[in-house]
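In what follows, a single structure is set out as structure tokens and then discussed.
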Amino acid sequence: MLKIVSLLQGIFLLKFAVVSSAYPVCDGGPADAALESLIDDHVDRLMELRLPSWGWVNTPRTLLGIQLSKMQSLFGLDRTLETMAQEMKDELDSTNIGKVALYVMAAKASCKNPQNFSGIDIIDRIWKKMRFQFRYDKMSQRIPDDRWFRYSLAVQALCVCGEELTRYHIVRMARGQNDDGSWGDTHSVDDTNQVLLAIRCIQTQKTVVDRPYIRRLLRNSTIKAVSFLESSVNADGDDVWIGNKYSTPGALLALQDVSDFSECNNAAESISNGLTADERAVALAQRLQAMRGRSVLALKDPEWTCVTPDPIPNGYLPDFNPEPSLECDDLLPGAMPPPGVTWIDVRLSVQKTLGTNINDSFDLTLLVENVNEGNTLLQATAQARCLGQFQFKTVIAAFGPSVRSVDGLQADRMDRQYWSLIDVATEKSLPLGAGRYQPSDGHHILFKLRTW
């Protein structure tokens, strides 16, 4: 029975004591009763986060996570697939290769044909985008145009659908590995997770099996990647992460069946410690897969089948709004704060010069007065916009609203630019995005242009 928990009732933190001594992702066994209950709670929460369209902010990624974890719970699947098909058609020509790959794998996980999903051959679209991944800016490149994370999703999508990767693409992937065993120009755990999963998928392909040189190349890459991920383990209080909280589920799935990872149970317990209502759908879907111990490689099984989902519960209607109110009527302060509301002041600065160094030569500094305590940084910034002090634009990303343009300057995605949010007092990045972070009174926050 689905437990619909009203967002309006303010039930924002659910803790569950998971007493398993081992987890499916670590020992291959089934989930025990406590972990199964937690999986159910994650699915319920995802249903609360469903948009009125019956999709999510990232529909294919969330659908994929549920189908791989507890597909019978995805009631209203037909409506979600209709929404996903329309979203795909709207963005297929403009989106990156990783998002196209997610559409392929979500269709495959739902037992739909990716070569004819709503009349479109999505696999063919991946192959066309693969063609020039290592040739852009009029020259050959070591890093794919869509970066390693997205490129590896494309390799996984082709592989689980039975497509044979070419020797060229396999070798370029292996030779793109850094000396420390990672991938990416920032030596990323997330990039490495996805490349390792891609390598695991293609190691049984004829292209690899028939070529001893490629077999050795991928075996050596795997050994180095596992070593890098194991070296990325860190403790945060009672929790154990591989990289950070959000990269850990992917790392556990990448390490599954590859290594006798000594910290597996501790990391799996850390991601299973609780469910918080401020988590985004994509993060929840990724955790679901790790708790179930099922990566996208399960889709490679020729016996992969789907079950009939549960019926839509009586009275259920998706109505989640992913953004806080940014309307001026809701944000502009009156003469006095409303009863029970405290006003705070927030200082905002902008530094448009690229680079990591932070100095006092800000391009803009302003004080936003009379902000409702508990409002997000995004709402405080919108309040400044309503007062004519500040201009910014956002886009909805998988983990919430993302600031794209500040004071008339847009971060250039082609040059890998983004607006970093920094606490000026500590010079550290904010732990949450603008749509979730709540500033305190007197807080000084810097919007700084950086590259990733």
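The values are calculated or read from the model by the stated rules, or taken from the named source; none is laboratory data. All values derive from a computational prediction rather than experimental measurement. Using ideal geometry, Cβ is built from the backbone for each residue, glycine included, and neighbour counts are taken over all protein chains shown. In case anyone asks, the SASA skips ligands and DNA or RNA and just uses the protein heavy atoms, side chains included. Shrake-Rupley method; radii C 1.70, N 1.55, O 1.52, S 1.80 Å.
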Next item on the list: Note down the accessible area of Glu279, probe 1.4 Å, to the nearest 10 Å².
Entry: 10 Å²
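Leaving out ligands, DNA and RNA, and with a 1.4 Å probe, what % of the accessible surface on the chain is carbon or sulfur? Working shown, then result.
Numbers: 9980 of 20940 Å².
That share works out to 48 percent.
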Notebook entry, point to check: From the square roots a ≥ b ≥ c of the eigenvalues of the alpha-carbon gyration tensor of region 234-372, which class results: rounded (a/c under 1.5), prolate (a/b over b/c), or oblate?
Noted result: oblate
Next item on the list: As a check on your grasp of the helix formula, calculate [θ] at 222 nm for the chain: sum -39500 (n - 2.57) over DSSP H runs of n ≥ 4, divide by the residue count, round to the nearest 500.
Entry: -11500 deg cm²/dmol
Check: How would you classify region 64-110 from its alpha-carbon gyration tensor, with a ≥ b ≥ c the square roots of the eigenvalues: rounded for a/c under 1.5, else prolate if a/b is greater than b/c, otherwise oblate?
Finding: oblate
Next item on the list: Could you state how much accessible area Thr248 has, in square angstrom rounded to the nearest 10, with a 1.4 Å probe and all protein chains kept in place?
Entry: 0 Å²
Item checked: Cα gyration tensor shape of region 109-210, rounded if a/c is under 1.5, else prolate or oblate by comparing a/b with b/c -> prolate
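What does the accessible area per residue of region 130-272 come to in Å², with a 1.4 Å probe and no ligands, DNA or RNA counted? Show your work: numbers first, answer last.
On the way: 6290 Å² over 143 residues.
Averaged over the residues of region 130-272, the accessible area is 44 Å².
Do the alpha carbons of any pairs in Lys70/Lys129; Lys128/Lys448; Lys99/Lys393 sit beyond 28 Å of each other, and which pairs? Numbers along the way, then the final one.
On the way: Lys70/Lys129 32 Å; Lys128/Lys448 36 Å; Lys99/Lys393 22 Å.
Beyond 28 Å: Lys70/Lys129; Lys128/Lys448.
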Notebook entry, point to check: Cα atoms only, the chain: Rg and Dmax in Å?
Noted result: 22.8, 77
Next item on the list: Could you rank Met47, Met139 by how accessible they are, 1.4 Å probe, largest area first?
Entry: Met139, Met47
Next item on the list: Order the peptides 287-295, 172-180 from the highest to the lowest mean number of other Cβ atoms within 10 Å of their residues.
Entry: 287-295, 172-180
Note to self: Tell me the accessible surface of Tyr136 in square angstrom (1.4 angstrom probe, heavy atoms of protein chains only), to the nearest ten.
What the structure shows: 40 Å²
Notebook entry, point to check: Taking the highest mean first, how do the peptides 52-61, 259-268 order by number of other beta carbon atoms within 10 angstrom per residue?
Noted result: 52-61, 259-268
Next item on the list: Would you rank Met336, Met130 by solvent-accessible area, highest first, keeping every protein chain in place and using a 1.4 Å probe?
Entry: Met336, Met130
Check: Taking a 1.4 Å probe, which of Trp241, Trp183 shows the most accessible area, and what order do the others take after it?
Finding: Trp241, Trp183
